[in-house]
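Have a look at the structure below, then the notes.
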Amino acid sequence: MKQTQAPYPRCANWWHDWALLRRFVSDLMHAELLMMRRGSAGLPSLPWPEGLQLEADLGIDSLERYTLATALSACLHLHESGADQALLGCTTLEQWIACASNGLDQYSAALRFTSSGSSGVPKSCPHNLDMLWQEACFFAAQLAPARRVLYTVPAHHIYGFLFSVLLPLACGPVRASLVDARNMLPMELIAQATDGDVIIGYPELWSAVARHAPIWPSGVTGVTSTAPCPPDLALQLTASGLSMVEVYGSSESAGVGWRTDARRPYVLLPHWRRSASGDTLVRQAPDGTELRCDCPDQIDWQGENAFVPVGRRDQAVQVGGTNVYPAQVAEVLKRHPGVSEAHVRLMRADEGQRLKAFVVAAHFGGSERLPDQLASWVRERLPPAARPVSFTVGAALPVNRQGKPSDWIISDGPWADEA
């Protein structure tokens, strides 16, 4: 895989583009409100209009305002300049954006992203802006000439920030235009695509697009990250004419490797190398300093620069780009009075892309109602990505011949016909 040498100019002041900063702040606030309220009831969809009132339009109370201000300040390091102090007195979205801009004018060297933990504790992940810019410049060189960037991911997550905020700025001398494709259905996205487009997506999106079996126009590139993209899916998209770029990384590390052929291993980005032990990664910053980073996955190295991830170290799985911890979801299910044991795992590829649960009923009577009861139980206690969407009831948890937990066919249990 040929890598184009990336020019490395000084990092652009991305926040001087009001539209970029507005989207970043709006996306962060929207996500925080979804978590606090456990859903989107009463919350206007993005993009938010100009003149949005925090209290009148979003219904934000004093506690939510404090939590939102804390999250925005931590992400953009507004405390470094003292700009965070003005947030609590702001009453409109535009005022919050102005506060963020003022703070970034004084200090912009670092940002702090949050990992997509769900039913686990999200991690706070600090990053230097110049290192993120270094990565954006690399990918801008590989994707050139990019005419438009169609994004389907939020700007306040590290993948969205890299590819829908910094990447267009790094595509100079003529900046790539931005198109918000988050509300586009697959057929509309396909119809919009034209030569020079780069579509920033994720595996679930690409799976939905692939079901329509499109023939892509030449010169369209699809980028995928946030979760492993099934090789068959990537190859199907490539066979239909789309140039696919898979990016491997995490909230902690940002991008680490990339590939354009799902049959081949990932290749380290030029500013990364494996450590002598192979257990950690070493990143060279633009100023020449080196930082060590623990990789969240077990790595099968196939040479000094080529690798294949072979499973999470922390037992997380990913649903819709969100890290989910099945063992912790199982503990939530076991707190239901009708459940004595529970096992949760990711569905097989032929079943779907969500979590499924196998439970042992505490009482035989009424077990046919247990799946519906558990669906309501998890809706009240877990965020969407962490909620199993299939519940199988059985007399005992499924195990293999060695007595270890094993997979099961959805709704395959002693009471499957009743449930």
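What the table below lists for this structure:
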item	result
Options A170, A109, A155, A98: the member that is farther than 28 Å from E55 by Cα and either surrounded by fewer than 23 Cβ atoms within 10 Å (Cβ to Cβ) or modelled with pLDDT of 95 or more (or both)	A109
The lone exception for C229 - which of (1) within 18 Å of the chain's Cα centre (by Cα); (2) in a loop (DSSP other than H, G, I, E, B); (3) modelled with pLDDT under 90 it fails	(3)
Matching option when the condition is in a loop (DSSP other than H, G, I, E, B) and more than 22 Å from M35 (Cα to Cα), among F358, F307, F364	F364
Of residues in region 293-304 being out of contact with any Ser or Thr (no Cβ under 9 Å at 6 or more places or on another chain) and either of a type in the set (S, T, Y) or assigned to a loop (DSSP other than H, G, I, E, B) (or both), the one farthest from R264 (Cα to Cα)	E304
Meets criteria (crowded, with 22+ Cβ neighbours inside 10 Å and in contact with a Gly (Cβ under 8 Å, 6 or more places away or on another chain)) for T194	no
Conditions (1) crowded, with 16+ Cβ neighbours inside 10 Å; (2) out of contact with any Gly (no Cβ under 7 Å at 6 or more places or on another chain); (3) part of a loop (DSSP other than H, G, I, E, B); (4) at pLDDT 90 or above: number failed by P214	(4)
Meets criteria (closer than 26 Å to W272 by Cβ, surrounded by 21 or more Cβ atoms within 10 Å (Cβ to Cβ) and in contact with a Gly (Cβ under 9 Å, 6 or more places away or on another chain)) for A146	yes
Test result for L205, more than 18 Å from the chain's Cα centre (by Cα) and either under 24 Å from T322 (Cβ atoms) or of a type in the set (V, I, T) (or both)	no
Residue pairs meeting the criteria (Cβ under 6 Å; at least 6 apart or on separate chains; first on the phi > 0 side of the Ramachandran plot and modelled with pLDDT of 80 or more, in region 392-419; second basic (K, R) and assigned to a strand (DSSP E or B))	none
Qualifying positions in region 343-360 - small (G, A, S) and touching a residue at least 40 places away in the same chain (Cβ under 8 Å)	A349
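The values are calculated or read from the model by the stated rules, or taken from the named source; none is laboratory data. All figures in this text were calculated on a predicted structure; none of them were measured in a lab. Positions of Cβ are backbone-derived with ideal geometry, glycine not excepted, and every protein chain shown enters the neighbour counts.
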